[in-house]
1. Out of the residues in the stretch B:283-316 meeting the condition of being more than 30 Å from B:LYS98 (Cβ to Cβ) and among the charged types (D, E, K, R), tell me which one is farthest from the other protein chains (Cβ to nearest Cβ).
2. If I filter the stretch A:117-134 for residues that are more than 24 Å from B:VAL253 (Cβ to Cβ) and part of a loop (DSSP other than H, G, I, E, B), do I get at least one hit?
3. Is the stretch A:17-27 home to any residue that is charged (D, E, K, R), surrounded by 14 or more Cβ atoms within 10 Å (Cβ to Cβ) and either in a helix (DSSP H, G or I) or touching a residue at least 40 places away in the same chain (Cβ under 8 Å) (or both)?
4. Scan the stretch A:147-205 for residues that are touching a strand residue (DSSP E or B) at 6+ places or on another chain (Cβ under 8 Å) and among the hydroxyl-bearing types (Ser, Thr, Tyr) and jot them down.
5. Exactly one of these conditions fails for B:GLU155: (1) within 17 Å of the chain's Cα centre (by Cα); (2) more than 9 Å from chain A (Cβ to nearest Cβ); (3) surrounded by fewer than 24 Cβ atoms within 10 Å (Cβ to Cβ). Give me its number.
6. Looking only at helices (runs of 4 or more DSSP H) that lie completely in the stretch A:182-233, which have at least 2 residues being in contact (Cβ under 8 Å) with a residue 60 or more places away in the chain and within 22 Å of the chain's Cα centre (by Cα)?
7. Identify the residue in the stretch A:268-316 that is polar (S, T, N, Q) and within 20 Å of the chain's Cα centre (by Cα) and, among all such residues, is surrounded by the most Cβ atoms within 10 Å (Cβ to Cβ).
There are 2 protein chains.
Amino acid sequence: MSEKIVVGVDIGGTAIKVGICDLNGELLHTYEGPTETEKGSDAICNNIANYARLIVEQSPYSWDQVEGVGIGVAGFLDIPNGIIKFSPNLGFRNVPLKAFLEERLGKKVLVNNDANVAALGEAWAGAGRGVDHCVCYTLGTGVGGGIIIGGRIVEGFNGMAGELGHMSIVPDLEAIQCGCGKMGCLETVSSATGIIRMAKDAVERGDRTSLSFVPNIMAKDVIDAAKAGDEVASRIVARAAFYLGKSMAAVAVVLNPQRFIIGGGVSKAGEFLFEQIREVFQKATPEVAVEGVEIVPAILGNNAGVVGAAGLIIRS
Amino acid sequence: MSEKIVVGVDIGGTAIKVGICDLNGELLHTYEGPTETEKGSDAICNNIANYARLIVEQSPYSWDQVEGVGIGVAGFLDIPNGIIKFSPNLGFRNVPLKAFLEERLGKKVLVNNDANVAALGEAWAGAGRGVDHCVCYTLGTGVGGGIIIGGRIVEGFNGMAGELGHMSIVPDLEAIQCGCGKMGCLETVSSATGIIRMAKDAVERGDRTSLSFVPNIMAKDVIDAAKAGDEVASRIVARAAFYLGKSMAAVAVVLNPQRFIIGGGVSKAGEFLFEQIREVFQKATPEVAVEGVEIVPAILGNNAGVVGAAGLIIRS
C-alpha cells in the first residue's frame, strides 16, 4: 500500500460524504457523517477535517499517502482562494475553508462548486473516462452543469461557467420566469420542477391525461405516463428533451465537446429520453459538430461528487 | 535588437499577409505578397516560407531572434499535426503545412484556423488585452467566432469549437435554412448576408422603407437606414442584435467569459448596434453572469489574423 491516494469531500446540508480514490479515480472507500449544520460553520469545518482523517485511519492507507483533499460544496465561491462566500444550505458566509483545512490537515486542499465537481467526477472516472472534453448536465430540481475542457473544469471569470440550466433557450412567446429572475431558462422546462409544472398546468387546463388521477405528480409519474403512451405526458417529456437537445446543439458549436453526460433524477427516464434528445441535437447541429459526439447517461450516481472532489487534486 | 520576436502568417485566397510581433503582441512590421493560388499548393507553401524569411530580412531583426511562426488559414484542419485537410479557397487537400514549414524554416510552426487565430489576436493584443477569458464574434459574410479560455484557443474535440455562427438560435417558426444545412443558425440573421436577405425580403414584401430605393442593398445601407429612423431597417438591425445578444447570454452561462469582442464589417455599425446587443444580453442573462462582463468592439481590424497567428507561438 505504498501508492498515493486522494481524498474527496462532498458537503451536503445534512451529510458530509468522504471518499478515498486512487490516482485513476477508482473509489476505494467511502464514509458518511452528519453535517450538523445547526452547530454553525466552525463545527461543520471541524467535521470535514475529522471525517477526512477518519476515513484514512480506518482504511489500509496511511495519512502520508494522501496527495491532497478536494472539496465540493454548493454556493457562491471564491474558487482560487477556497473561500465559501455564501452557501445558503450550510449557513456559510465568507468561510475560508481551504486555508482552515490546509492548516488542520497539512495537505493541499482545493475547493470547487458541487456541480463542477460532479462533472469532473463523471469526466475523470465515470461516463467520460478517457475523454478530454465533456459537458455534463444534471437534471434534478434544477438543471446543473459542468464543463470539462482538456480534462479540467472551466470555471469562467466569476466562477459562473457551466450554469447550463440558465441558458435562455425557450422562445419569448412560450417562456416563463425562472427562479433566477430571467425568462425562458432551460431549467424551466427540462428540470424535474419544470416537468411537474407543465404536468400540473396540463391537468389544471383540463387536458385529457392519466396524470389527472395522480394526487401529487412527480417527474417520474410524467415520464412513466409518457412511456405508457399518454399523449399529454409525451408532449411534456418531448418538450423537456427538445430544449435539452437545442441547448446541446448550442454548446456543441461553442465548445465542440466529445461527450455530453446527463445525470440526475430525470435522466433515469433512460433511452426513452435520450433518444429524443439525440434526435433534436442531430437535427439542430451542423454535421461536422455532430460527428463522433455522444450523448450518454452519467454512471457514478451520487458518488460523482466525492470522486470529482478527489479529482480536483489530480486535475488542476 | 536582441529580444525575441514571433512571426504571424495570415493566408488568404489572394494575398498572404505576414507580420512580426514582439512577445507582447505589438505588431512591428507587416508584408503582403500574392498567394498565387493558381500555381497550386507547392507554390503557395513556398510563398509562405519566402515571405516569412523576407519580412525578417527586411526588418532590423535577425532570423535567430524568431521564436516561431504561426499560421492562420481558412478550412478544415488537423490542428495538432498542422495539416490542412481541405481549404476550398486555396485548393489545399491534405497539405502538411506545419511539417513543410518547420523543415524549410528551421523554426517551430503552429497552424490554426483563421477565426480562432483572429480571436486569439484580439484576446492577446487587441480588445481583450489582459483578459483571460474572451469570446469573439466576427460579423461578416457569415458569423465567425473564437473562444479564448485562460489565454488559449479552445479547439474542441474535432476543431469545431467557436463556430458561433451555427448556434441554432432562431425559433423554429421563424427559422430559415443556413448554408450549413441546418435551420435557424445565428448567421442567418446576424451576418451581413442575413441582414441583406431580411432587407430584400422586406422590399419584396412591399414594406414601406427607404431601402426600396437602394439598387443593390448592402448591410451598411440597412444600418444607415436604421440609424436614420427607417422603421423596417430598424426592425432588421434589432433582430440581428437580438439573436447576437441571446447567443451571448447562452455563451455567458456556459463559459462565463469576461469579455465579448465583436468585429467584422457589421460591427462598424458601432454603439448603435452594441447598445441593442447589450440590452438583450442583460435581459436574458442571470445577473451573476452579467456582472463585470463587457461587450466591446474589436480593435485590430484586418491585423487580427496576423497578430493572432504570431500569438499561437506564445499562447500554446
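The values are calculated or read from the model by the stated rules, or taken from the named source; none is laboratory data. The shown structure was predicted, so the numbers you read here are calculated from the model rather than taken from an experiment. Every residue, glycine as well, gets a Cβ built from its backbone with ideal geometry; the counts of neighbours run over all protein chains shown.
1. Of all residues in the stretch B:283-316, those more than 30 Å from B:LYS98 (Cβ to Cβ) come to B:283-297.
So of that shortlist, the ones also among the charged types (D, E, K, R) come out as B:283, B:287, B:291, B:294.
On the way: B:LYS283: 8, B:GLU287: 7, B:GLU291: 6, B:GLU294: 10 Å.
Taking the candidates together, the pick is B:GLU294.
2. Looking through the stretch A:117-134, at least one residue is more than 24 Å from B:VAL253 (Cβ to Cβ) and part of a loop (DSSP other than H, G, I, E, B).
3. Residues of the stretch A:17-27 charged (D, E, K, R): A:17, A:22, A:26.
Narrowing the set further to residues that are surrounded by 14 or more Cβ atoms within 10 Å (Cβ to Cβ) leaves A:17, A:22.
Filter once more, keeping what is either in a helix (DSSP H, G or I) or touching a residue at least 40 places away in the same chain (Cβ under 8 Å) (or both): A:17.
Yes, the stretch A:17-27 contains a residue that is charged (D, E, K, R), surrounded by 14 or more Cβ atoms within 10 Å (Cβ to Cβ) and either in a helix (DSSP H, G or I) or touching a residue at least 40 places away in the same chain (Cβ under 8 Å) (or both).
4. A:SER168, A:THR188, A:SER190, A:SER191
5. Tallying (1) within 17 Å of the chain's Cα centre (by Cα); (2) more than 9 Å from chain A (Cβ to nearest Cβ); (3) surrounded by fewer than 24 Cβ atoms within 10 Å (Cβ to Cβ), B:GLU155 fails exactly one: (2).
6. Numbers: elements: A:187-190, A:192-205, A:219-227.
Fully inside the stretch A:182-233 and qualifying: A:192-205.
7. At the first step, the residues of the stretch A:268-316 found to be polar (S, T, N, Q) are A:276, A:282, A:285, A:302-303, A:316.
After this cut, where a residue has to be within 20 Å of the chain's Cα centre (by Cα) as well, the list is A:302-303, A:316.
Working: A:ASN302: 12, A:ASN303: 21, A:SER316: 15.
Per the criteria, the residue is A:ASN303.
Quick grid of which residues meet (1) at positive phi; (2) part of a strand (DSSP E or B); (3) in contact (Cβ under 8 Å) with a residue 40 or more places away in the chain:
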| position | (1), (2), (3) |
| --- | --- |
| A:GLY13 | no, no, yes |
| A:HIS29 | no, yes, no |
| A:CYS45 | no, no, yes |
| A:ILE48 | no, no, yes |
| A:VAL56 | no, no, yes |
| A:ASN94 | yes, yes, no |
